[in-house]
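Peer 1: One structure, pasted below without further comment.
The values are calculated or read from the model by the stated rules, or taken from the named source; none is laboratory data. Keep in mind that what you see is a predicted model, and the values were worked out from it rather than measured. With ideal geometry, Cβ positions are generated from the backbone for all residues, glycine too; neighbour counts draw on all protein chains shown. Only protein heavy atoms, including side chains, enter the accessible area calculation; ligands, DNA and RNA are left aside. Shrake-Rupley method; radii C 1.70, N 1.55, O 1.52, S 1.80 Å.
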Amino acid sequence: MTELTRTGIEGLDSILGGGIVDNATVLISGNPGTGKSILGLQYIYNGVREFDEKGIYLSFEENREDIAQAAESIGFDDWRELVEEDEILIYDKQELLRHNDFNDTLELLLDEFEEMAYERLVLDSLTMFELFFADETEKRTYLLKFSDILKANGLTSLLIAEQSAVFPEQDIGLENFLTDGNIYLIQTPTESGVNRYIWVAKMRKQDIETDIFPMDISEGGITVHERAAGFSMMGQRDGPFPGE
């Protein structure tokens, strides 16, 4: 029987059939403001609070204080305490971008992986991660290497990626094909604000719900609602995404 890591995000685990396959690497994609970083924070926080699983949060975009403030803004008031107790390990942009060579950064992380037992990891974001590399070949090589290292160290990981296009299939990068799963966060404007959706497009070794589901962000983070959102709700397209 396949072992699963539960996200603890209301509604998402049921879509995933219980959670994410242990040691999988999952890509979280979406436009700016769709809630990608919140999902990552929630995944790490829930791991500690609900499942007694330690987490590592790597941020190439924010410093340690920014991350703590973002966590507290959605109700994770004891985030700093969990960091101080090494339940959550933070590497921020100042530490990760200190070296121009990714090999140096990788050695730093490997030392941490070997010294302490962590089960979850979030990388935010791949956009900045890719600045280390000169071309697509080098990026592919290191992304595969990094993914293999995460799996070998027993980490179930979320890799966050910025998406420029409104609809996922218009902006498919190499990383989509190198990960075990793809989750898209989508938002569309309305007269009163925005509608938010989540789409689990792919999960290897899992039976998943492939509809688009409505979600919202409030105190405590993301909640996914069980009522599937037909694509007509998007107001942008008539047909489904490829592969549906």
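Peer 1: Would you kindly identify the strands (runs of 3 or more DSSP E) lying entirely within the range 1-117 that contain at least 2 residues that are among the polar types (S, T, N, Q) and in contact with a Lys or Arg (Cβ under 9 Å, 6 or more places away or on another chain)?
Peer 2: 25-30
Peer 1: Sort out which residues of the range 80-129 are open to solvent by 70 Å² or more (accessible area, probe 1.4 Å), within 21 Å of the chain's Cα centre (by Cα) and at pLDDT 90 or above, and write them in order of number.
Peer 2: Matches in the range 80-129: Arg80 only.
Peer 1: Identify all residues within the range 188-225 that are assigned to a loop (DSSP other than H, G, I, E, B), closer than 29 Å to Glu72 by Cβ and more than 18 Å from the chain's Cα centre (by Cα); write none if there are none.
Peer 2: Ser192, Glu219, His225
Peer 1: Can we say Leu185 is modelled with pLDDT of 95 or more, open to solvent by less than 70 Å² (accessible area, probe 1.4 Å) and either out of contact with any strand residue (DSSP E or B) (no Cβ under 9 Å at 6 or more places or on another chain) or of a type outside the set (Ser, Thr, Tyr) (or both)?
Peer 2: Values: modelled with pLDDT of 95 or more: yes; open to solvent by less than 70 Å² (accessible area, probe 1.4 Å): yes; either out of contact with any strand residue (DSSP E or B) (no Cβ under 9 Å at 6 or more places or on another chain) or of a type outside the set (Ser, Thr, Tyr) (or both): yes.
The answer is yes for Leu185.
Peer 1: Counting only residues that are touching a strand residue (DSSP E or B) at 6+ places or on another chain (Cβ under 8 Å) and within 15 Å of Leu39 (Cβ to Cβ), which one in the range 63-75 is surrounded by the most Cβ atoms within 10 Å (Cβ to Cβ)?
Peer 2: Result: Ile67.
Peer 1: If you don't mind, another one. Checking Thr2 against (1) touching a strand residue (DSSP E or B) at 6+ places or on another chain (Cβ under 6 Å); (2) at pLDDT 95 or above, which single condition isn't satisfied?
Peer 2: Every condition holds for Thr2 apart from (2).
Peer 1: Residues being of a type in the set (Ser, Thr, Tyr) and either in contact with a His (Cβ under 8 Å, 6 or more places away or on another chain) or farther than 16 Å from Ser125 by Cα (or both): count how many of those fall in the range 40-94.
Peer 2: Count: 2.
Peer 1: Could you tell me which residue of the range 207-225 is modelled with the highest pLDDT, considering only residues that are over 21 Å from Ala71 (Cα atoms) and open to solvent by 30 Å² or more (accessible area, probe 1.4 Å)?
Peer 2: Within the range 207-225, the subset over 21 Å from Ala71 (Cα atoms) is 207-214, 225.
Okay, now just the ones that are also open to solvent by 30 Å² or more (accessible area, probe 1.4 Å), so 207-211, 225.
Values: Asp207: 89, Ile208: 91, Glu209: 90, Thr210: 87, Asp211: 92, His225: 95.
Per the stated criteria, the residue is His225.
Peer 1: Exactly one condition in (1) over 22 Å from Ile198 (Cα atoms); (2) open to solvent by 50 Å² or more (accessible area, probe 1.4 Å) is not met by Pro32; state its number.
Peer 2: (1)
Peer 1: Among residues belonging to the range 47-57 that are out of contact with any helix residue (DSSP H, G or I) (no Cβ under 6 Å at 6 or more places or on another chain) and open to solvent by less than 10 Å² (accessible area, probe 1.4 Å), point out the one that is farthest from Phe113 (Cα to Cα).
Peer 2: The extreme case among them is Gly47.
Peer 1: Can I ask one more? Within the range 226-240, restricting attention to residues that are open to solvent by 80 Å² or more (accessible area, probe 1.4 Å) and at pLDDT 50 or above, which residue is nearest to Phe76 (Cα to Cα)?
Peer 2: Looking at the filtered set, the residue picked out is Glu226.
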